[in-house]
Every structure is written in C-alpha cells, then in structure tokens.
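Beneath this line is the structure, given in structure tokens, with notes to follow.
The values are calculated or read from the model by the stated rules, or taken from the named source; none is laboratory data. Owing to the predicted nature of the structure, the values given are computational and were not obtained by experimental measurement. With ideal geometry, Cβ positions are generated from the backbone for all residues, glycine too; neighbour counts draw on all protein chains shown. With ligands, DNA and RNA removed, areas are computed over all heavy atoms of the protein, side chains included. Shrake-Rupley method; radii C 1.70, N 1.55, O 1.52, S 1.80 Å.
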Amino acid sequence: MIRPFFMLAYAHNLRMVMNSMFKGMAAVTYIGTLLLFHLIIFAIIGTKFFAKVSPTEFGTFYRSCISLFTLLTTANYPNVMLNAMDSSLFNVIFFIVFLVVGLFIFLNLALATVFNSYKERIEHDLLVHKNRAKIAFQAAFKLCDPEGTGAVEKQIFVLVFKYLRPNLSEEELEALFSIADMDRTNKIEHENFGVVVVLYNIIFTKKRFRIEARRENKWWYLRWLQLQDQLRMILTFKLPFTNLLAAETFIDVSVVINLILLIATDYVDRNYRENIYVFLNTILVIHSLEMSAVLLTNYKKFFYELFNVLDLIVLIVALLEWIIEGQGGDLVALRSIRLLRLLRHNEGFDLLFQAMVRSAPVLMALFCVLLQIMYFFAVVGMDLLQGKLTRENVPQDLDYHTQNYYGLNYDSLVNGLIVQFNLLVVNNWFIVADAACRVTNEGMRAFFIIFYIVGKYQNTST
C-alpha cells in the first residue's frame, strides 16, 4: 500500500513538489482557518434565516455546515438556494457573498499560495545550484593550479583530468585544452577556465544541503507572558483596566462563548432557548461597554485597524437588532462575525489581511469589468428569453422542470444577473441552457457558450 511512496526516494522532481507542498502548509493553514470561520459564520446565519423555508439544507447548524461545504465545491449549486430564492429574491445575496468570498477569493488564495511556495522552492534550488557551481569552479581551478600562478599549464591539466575523467582519450583532452586556451599561450587563464566547467560540469559533490530555518509560531506564548505581566500590574494598581491584555482576552473568550450559545439555540428546547438569549444579550452589553471604553481611551488609533471597524459595525447592528426585533430575532446570527476578532492576534493573519486590503482596488476593478459583462449578457438574455422560461413553455421532461429551476429566468434584469452568476459557477449551467434551447431554438446554446468563454476568461484573470 505504501510502495508508491518509495518513488519519492528516487525521483528528485517528486521530492521537490512534496517539499514545496509542506513548505506552503503554514500559509495554507491560515487560509484554511479563514475558510473554517467563513463556513461557521455563514452556517449560523443561514440556519437562522433559512431553517423554515429550506429545512433540508438549513434546518440545523450541522446541516447548514454540510450544505455550505458542499456549496464550496459547487456540487449542489444552484439547487441549495432555490427554496430560499422562492421565499425572497434578496436571499440570493447570501449565497453570492458566500461564493464570492469562499470560492473566488479564499480558494484562489490557497492555490496562489501553493504556487508561490513551489516557485520560491525552485528559485532557492537554482540559487543553491549557482553557489555550488561557483564553489566547484574555484575548487577545480585551485586543483589544477596548486602553486597559485593564476594559470593552468597543459601538463598539469592533462594529469588532473586523467584522474577525474579516466575515460577521456588523449585527443579529447587535447581538444578540450585547445578550446580553453583562447590566447594560445599553452596555458589556461582563470577567466577562460569556465569553458571547461561548462563543457564537463565539473562538480565534486551532488549532495544537496537544504538547511532552512523554520521559525516556530510562538505568538500565543508571548501573549501569555504579556498577560501575566499586565495582570501583575493591575494587582499592584499600576495599569488602567481599559488597556489591559487581560480585558482583551476576557472579551475573546466571551466571543467564543457567544458563538457556542448561538449554535446551541438550534438544539435546545424553547424554555432553555429563552435563557440562552438572556446570556447572549448579557454578553452583548459587556461587549458594548468594552467597545465604549476603547473608543473613549484610544479613539485616535481605533479606526486605523480594519478589525476594530468591523467589530464596531457588528456591535451597532446587534444593538439595533436587539432594540428593533427584541429577544431572539434572526439578526442575532450576525454576532457570529465577531469570531474574526480572534484572528488579529496572529501575525500571519494580519499580513494576510493586509495583502487582501492592498489588492482590494485591483480586485474591485476586475469585478466591475465582470459585472459589466454580466450586465450585457443579462440584457441580451432578456431580449431573447423574457417571459419564455415558464411552466407553460418548458417541457416537463427537462431537468429545468423536475428540479424547479423556474426562479432562474430572464424576466427581469435582477433575475438575468442571477442567472449569469450561476453560469460563472458553471455547475448545472447546461440545465438552463437546455431549457432555453427548447423554448427557442438550438442556436440559443451559442449565447451560453460565448458567455462561459468570456466570463471564465475574466474570472481566471480575477
């Protein structure tokens, strides 16, 4: 069973690929954690909003996680959103945001990270090879010029090369020496000796030394030491509580408890659910007080961090939801977004977010171009298919009818844009294309194929 792995011992290219994969695991782990948080947050929100209209896919937190994980693979799209879409056309925003962030951004980031790791590995190997070649060149010249005269005489050259290459004939040695002796002085100068190295690749060792420093990620240990120091200072009344790392850690723990309680509301009885909402609102009050204290003490630096702004927005929305909807409203699920707060303590996540922020203008420009393409094809689709993809026109033997795809039509611009986005995801796109061809003619298939080619090219560029 493990015999195929023995190939790694003999195939240099396979070992290089495996080393590059393991080297890129740290960066991929950051993106994997973001994907996990992304999945959990949207699963909580999806359960709260779609449990009644789509119980099979979003009836519980567990079902929501399974459905959304499958959605990341596009295997259940657009079927997973049809019931929610029938309830309200605005529900499509949930699925579009989930796919854009998870599929088009995070998964592409993971692929780019692996590629970049492989590229860095190749560049590192090339640099090592050049350094080895340079060292070997110097060693070879010193071997042929033991007295350090700066030139290699023919007699010494022949003796050394007969030792290194005993299979070479006298004629071959003579030809090699003649090529390197460009000045015809019966000596090979240092600058001409490289010709010999290039021709016969004289390298005295083939062992590769891959000594790479791997820094251990000890941010959690440093954070623990800071926490101990600040706790000691607060006990001796030397540090204000609002600046404490202890207070920040307490808030982080409460964020995790808040997440657990949000998930628990789907699995407990109604009486216990009321008590859970009391705890959730208590945590909300604590978070609001903490945010107010931070704003009052560090308001100048507060808005420089993206995490702080996101925290503030989530808290404002949560307070408005509590005031407007009362206890147990659906918008309580949005509080799970504060889970992202936990990521800001790690330098790797901070660098990743900074890279995403810096690339945001370019991504927005590419997305705007993609939106214009979608708009153009949606308008053309309305001219060709408006009012035709209905139960009266579509034959009942098509998957479009049996799987209830009637929400995917070109009756309005919004519906047209939704269909074009579905075609970008490419899963089950042929179902809409088959129905469009049956209600018009076979030439209609060219419309979908052209959009697929144009949209896929732009999506790949993005």
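Look at the stretch 413-427: where a residue is more than 19 Å from Gly387 (Cα to Cα) and in contact (Cβ under 8 Å) with a residue 12 or more places away in the chain and a partner is open to solvent by less than 10 Å² (accessible area, probe 1.4 Å) and small (Gly, Ala, Ser), sitting 6+ places away or on another chain with Cβ atoms under 8 Å, you get Leu423/Gly455; Leu424/Gly455.
With respect to (1) modelled with pLDDT under 80; (2) in a helix (DSSP H, G or I), the lone exception for Asn192 is condition (2).
With respect to Asn428, is the statement that it is of a type outside the set (Ser, Thr, Tyr), under 20 Å from Ile96 (Cα atoms) and in contact with a Lys or Arg (Cβ under 9 Å, 6 or more places away or on another chain) true?
For Asn428, the condition - of a type outside the set (Ser, Thr, Tyr), under 20 Å from Ile96 (Cα atoms) and in contact with a Lys or Arg (Cβ under 9 Å, 6 or more places away or on another chain) - is not met.
The condition of being modelled with pLDDT of 75 or more and either open to solvent by 40 Å² or more (accessible area, probe 1.4 Å) or part of a helix (DSSP H, G or I) (or both) does not hold for Arg121. Scan the stretch 344-356 and tell me whether some residue there is more than 28 Å from Thr47 (Cβ to Cβ), surrounded by 12 or more Cβ atoms within 10 Å (Cβ to Cβ) and at pLDDT 75 or above. Within the stretch 344-356 (the criterion being more than 28 Å from Thr47 (Cβ to Cβ), surrounded by 12 or more Cβ atoms within 10 Å (Cβ to Cβ) and at pLDDT 75 or above), the answer is no, since none of the residues qualifies. For the stretch 268-295, residues that are touching a helix residue (DSSP H, G or I) at 6+ places or on another chain (Cβ under 8 Å), farther than 26 Å from Leu352 by Cβ and either assigned to a helix (DSSP H, G or I) or open to solvent by 60 Å² or more (accessible area, probe 1.4 Å) (or both) total 11. Within the option set Gln420, Gln372, being assigned to a helix (DSSP H, G or I), more than 18 Å from Met81 (Cβ to Cβ) and polar (S, T, N, Q) holds for one residue only, Gln372. Would you confirm whether or not the stretch 408-416 contains a residue that is at negative phi, open to solvent by 50 Å² or more (accessible area, probe 1.4 Å) and assigned to a helix (DSSP H, G or I)? Yes, there is a match, as at least one residue in the stretch 408-416 is at negative phi, open to solvent by 50 Å² or more (accessible area, probe 1.4 Å) and assigned to a helix (DSSP H, G or I).
Could you please find all residues in the stretch 383-398 being of a type outside the set (A, V, I, L, M, F, W, C) and in a helix (DSSP H, G or I)?
If the condition is that a residue be of a type outside the set (A, V, I, L, M, F, W, C) and in a helix (DSSP H, G or I), then Asp383 is the only one that fits.
Please find, among Asn91, Asn83, the residue that is within 26 Å of Asp399 (Cα to Cα), out of contact with any helix residue (DSSP H, G or I) (no Cβ under 6 Å at 6 or more places or on another chain) and surrounded by 18 or more Cβ atoms within 10 Å (Cβ to Cβ).
Step by step, each of Asn91, Asn83 is checked, and only Asn83 is within 26 Å of Asp399 (Cα to Cα), out of contact with any helix residue (DSSP H, G or I) (no Cβ under 6 Å at 6 or more places or on another chain) and surrounded by 18 or more Cβ atoms within 10 Å (Cβ to Cβ).
Can you pull out the residues in the stretch 431-442 that are in a helix (DSSP H, G or I), more than 15 Å from Gly407 (Cα to Cα) and either in contact with a helix residue (DSSP H, G or I) (Cβ under 8 Å, 6 or more places away or on another chain) or touching a residue at least 24 places away in the same chain (Cβ under 8 Å) (or both)? Answer for the stretch 431-442, where residues must be in a helix (DSSP H, G or I), more than 15 Å from Gly407 (Cα to Cα) and either in contact with a helix residue (DSSP H, G or I) (Cβ under 8 Å, 6 or more places away or on another chain) or touching a residue at least 24 places away in the same chain (Cβ under 8 Å) (or both): Asp434, Cys437, Arg438, Val439. Pairing each residue of the stretch 256-267 that is closer than 16 Å to Phe42 by Cα with any residue that is not in a helix (DSSP H, G or I), provided the two are 6+ apart or on different chains, yields C-beta distances under 6 Å for Asp266/Thr60.
Evaluate the following for Phe376: is it under 29 Å from Thr70 (Cβ atoms), aromatic (Phe, Trp, Tyr) and within 35 Å of the chain's Cα centre (by Cα)? It is false that Phe376 is under 29 Å from Thr70 (Cβ atoms), aromatic (Phe, Trp, Tyr) and within 35 Å of the chain's Cα centre (by Cα). The residue of the stretch 296-316 that is surrounded by the fewest Cβ atoms within 10 Å (Cβ to Cβ), among those that are more than 28 Å from the chain's Cα centre (by Cα) and aliphatic (A, V, I, L, M), is Leu296. Which ones in the stretch 263-311 are in contact with a Leu (Cβ under 9 Å, 6 or more places away or on another chain) and farther than 20 Å from Leu334 by Cβ? Correct list: Leu295, Phe302, Phe303. Within the stretch 107-126, residues that are more than 18 Å from Thr73 (Cα to Cα) have Cβ atoms under 6 Å from residues that are surrounded by 15 or more Cβ atoms within 10 Å (Cβ to Cβ) and of a type in the set (Gly, Ala, Ser) in these pairs: Thr113/Gly24; Thr113/Ala27; Val114/Gly24; Ser117/Ser20; Ser117/Gly24; Tyr118/Ser20; Arg121/Ser20, counting only partners at least 6 apart in sequence or on another chain.
If you go through the stretch 50-80 and pick out every residue that is open to solvent by less than 60 Å² (accessible area, probe 1.4 Å) and either of a type in the set (Gly, Ala, Ser) or at positive phi (or both), you end up with 6.
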